[in-house]
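A short worksheet on the structure shown next.
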Amino acid sequence: MTGGGTSGSSHPFRALNRAFHGRRRLGVASTLGGPLAWMLVVYIGSLLLLVVSALYRLDPQTQKPSHTFTWANLRAAFDITDPDVRSTVWVLVRTVGVALLVTLLCALIALPVAFFVSKVAWPWIRRGIVVAMLMPLWAGYLVKGYAWRAMVAPSGGKFAASGKGDGGFLDATFGWTPGYGRAAIVVTLVYFWLPYMVLPIYAGLDRMPASLLDAAGDLGARPFRTFRSVIVPLLLPAIAAGSIFTFSLSLGDYIVPQLVNNGKEKFMFGTLINSTLGAPNQPLAAAYTLWPLLIVVLYLLAMKRAGAFENL
Amino acid sequence: MRNTRTVAALAVALAFVAASCGDDSGSTATTAAPETTAAATTTPAPDTTTPAPETTAGAVDYQWTPNADLLAKAEGQVNIVAWAGYAEDGSTDPAYDWVTPFEKLTSCQVNVKTGGTSDEMVQLMQSGEYDGVSASGDATQRLMSGGEVVEIDPAEYSSYADIFDGLKLQPWNSQGGKPYGIPHGRGANLLVYNTEAFSAGAPDSWGAMFEPGGPADGAISVYDSPIYIADAALYLKATKPELGITDPYALDQTQFDAAIALLKQQKAITSQYWGDYTVQQASLENGDVLAGTTWQVIVNLATANGAKIAAVKPKEGATGWSDTWMLSSKAKNPNCMKLWMDWIASPWANSQVAVWFGEAPSNAKSCALDGMAEHCATFHAAEDDYWKDVWYWTTATEACLDGRTDVKCVPYTEWVNAWNTLRS
């Protein structure tokens, strides 16, 4: 309601109110201005710098980027007529495969879990389970990574020193472990990114009225038919939203593949970029980075079409 | 319903904050990993003779006094990049600690960043955030050319005069006749093997790691750095003399391609490429690795944990390293760094690190200390002849290091590319 008397005129917020009153554009600009400037300068600007740095030539004597331009790095990353480049691209293909597999597994696990939490569980237990699902996100990345490394550790061979050579949790409990390798990478990544998949699906299921399921049942659909024809089509945008996280996070990951892999191959593209950066060869690493950048942009466009952005 | 969504939204927002903070620490994970796992390994003692540090009750003669000028301007802390085992503070083994005495004598708090390979050290020094580095010969040239490190003035270092002459003013630690650092010590990369697996006969050749069908087939551990290409070249120098390799760091394209082909063949029987020494140590203890290229310190640590292994310098010779402590051009704590360099090259400290790491000390007076005579003899500290078939890590350049002018040699940047392709 209208403010009281003369004492209000010295109030700082009143003055501010008056300045913005009627000037709609000023209000919008000052609200958006800061974040937008940050976004443009820091985020987009640094991406542009990254792309430009791929054109710099690495001085062989000092191994630092010099400011002379060369196409050599882009050629080394994109010229697939060269067999060395083909092996690099093969690593990328493997990585995309892993990212898609992780996304699929996360979706397969997240769907029943989210369905249970949203539709079946009692209300008082619902929030508890949601919090429990999000708990791993509070643990540090390295803590979780090393925990998985310890869990999948295989038992030592017959040449193990006495007292050493016991396997990790999986080997000790089940007598079997995937060991360090590709399977362990996939399993660990699924563990890491599962919460990001569960949440959008849970939110999507929440929005779906239970009456739809009842109606499907009344029309004679068995549970699986209901799932296939009613739930999944409605949930596709939510799944797409969740998949953005699992896909892009898996695509770029470079630490988990080092922790739980077998030490013999650089399985994923992120590890390749990391070791190129450590060579040190920053311009070449920047050139390599353009590949996943391209893939993620394409993936985002595809997910946008699937309606993911309305469900984030 | 709306409540749950609010809870979920808030939780997601918080989780993003937590996850993004987690990922920040993750970005330094690869270099931080050695420190976290090093702390987790058990505390062993090396099985070489240990020089008795205690002469009288509590009093240790370090044979070093800090330079008064530097001490007066000491900054209170120093940030160094070092090889694992070069700056022990007693946390791995309480009997081996040369950081705490230094901190007491100079009040310079020592913060160590462990580097796993020379490439990593070059990258760390390029960031300008460290005061100095213990650089091997394949890092020093890049650091000197890039202006990352500066010339030193020997007058400021009391230990410099006692360094073996054979290590001073060498191509890898000097430019234009001026010293660029203090020699730390030198050692060879050895062949480690599991004595039970090789019970039929101890290996004496790198062939145990390169030829398939041996007892260690499929359980081999290789050093994960492009510099390892020189080891392959060294093996070819002995087994394929028709290639004409005289210096494993001076490889023309034909010789280089042959080395890469040998490494591809080796990849089929390799089970592990190690950059973090604790990884190889754990595998040696586990029995997953039956032969590999190693450092004496890893053998010492694993043996103390019960691994049945032994190490040998094979008949073809070996690659090795001659390390130099260098001062950063962007050092924020130059005085403490100079004090550290002087300290680590002083008789007592140098002898301690030489025994712990398993290398030859650089200070001649170290060999005169109690219990050091045998160590110096084992590691041939004073015998320049022994080092004739040890090829110190050096940066390969286009101008052939063996003096050939009729061909161009493959420069190190190409070594890096070839290694990355091999490893993917």
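Structural remarks
- Residue order, fewest to most surrounding Cβ atoms within 10 angstrom, among A:H67, B:H380: A:H67, B:H380
- Computed about its Cα centre, the charge dipole of chain A is approximately 640 debye, with only Lys, Arg, Asp and Glu carrying charge at their Cβ.
- Helical segments meeting 20 Å axial Cα length and Kyte-Doolittle -1.0 threshold in chain A (DSSP H): A:24-38, A:83-115, A:182-207, A:232-252, A:282-305
- Each principal axis of the Cα cloud of the stretch B:225-382 was evaluated for its coordinate range; sorted largest first, these ranges are 47, 41, 33 Å.
- Rg(Cα) / (2.2 N^0.38 Å) computed for chain B, rounded to two decimals: 1.03
- The mean number of partner chain beta-carbon atoms within 10 angstrom of a residue's beta-carbon across peptide A:53-65 is 5.
- Radius 12 Å from Cβ of B:A250, net charge of other residues (Lys, Arg +1; Asp, Glu -1): -1
- DSSP H segments from chain B that extend 18 Å or more along their own axis, Cα-based, with Kyte-Doolittle mean of -1.0 or above: B:2-27, B:253-267
- Cα-Cα over 29 Å, subset of B:K237/B:K365; B:K113/B:K264; B:K178/B:K330: B:K237/B:K365; B:K113/B:K264
- Since only B:L290, B:G90, A:G165 are under comparison, the one whose Cα sits farthest along the positive direction of the charge dipole of the protein assembly as shown, derived from C-beta charges on Lys, Arg, Asp and Glu, is A:G165.
- Under 19 Å from B:K388, Cα to Cα: aspartates and glutamates that are on another chain or at least 8 residues apart: B:D138, B:D165, B:D204, B:D231, B:D247, B:E316, B:D323, B:E359, B:D402
- Across peptide B:282-289, the mean count of Cβ atoms from other chains lying within 10 Å of each residue's own Cβ comes to 6.
- 10 Å Cβ neighbours from other chains, averaged over peptide B:220-227: 1
- Computed helical MRE - 222 nm, chain B, DSSP H runs ≥ 4 contributing -39500 (n - 2.57), nearest 500: -11000 deg cm²/dmol
- Over all orientations, chain A has a Cα convex hull whose mean projected area works out to 29.1 square nanometres.
- GNM flexibility winner over chain B from B:A382, B:A349, B:A200 (Cα, springs under 10 Å): B:A200
- The protein assembly as shown - Debye-derived log10 I(q)/I(0), Cα point model, q = 0.06, 0.08, 0.09, 0.12 Å⁻¹: -0.44, -0.75, -0.91, -1.39
- Every Cα-Cα pair in the stretch A:126-283 was counted, and those over 28 Å apart are 43% of them.
- Here's the list of lysines a cross-link from B:K267 could span, going by alpha-carbon distance under 19 Å and ignoring same-chain residues fewer than 8 apart: A:K264, A:K266.
- √(5λ) per eigenvalue of the Cα gyration tensor, the stretch B:238-299, largest first, Å: 29, 13, 10
The numbers here are math on the coordinates, done by the rules we state, and not lab data. Computed from a predicted model, the values in this text were never measured in an experiment. Neighbour counts are summed over all protein chains in view; Cβ atoms, including those assigned to glycine, are modelled from backbone coordinates with ideal geometry.
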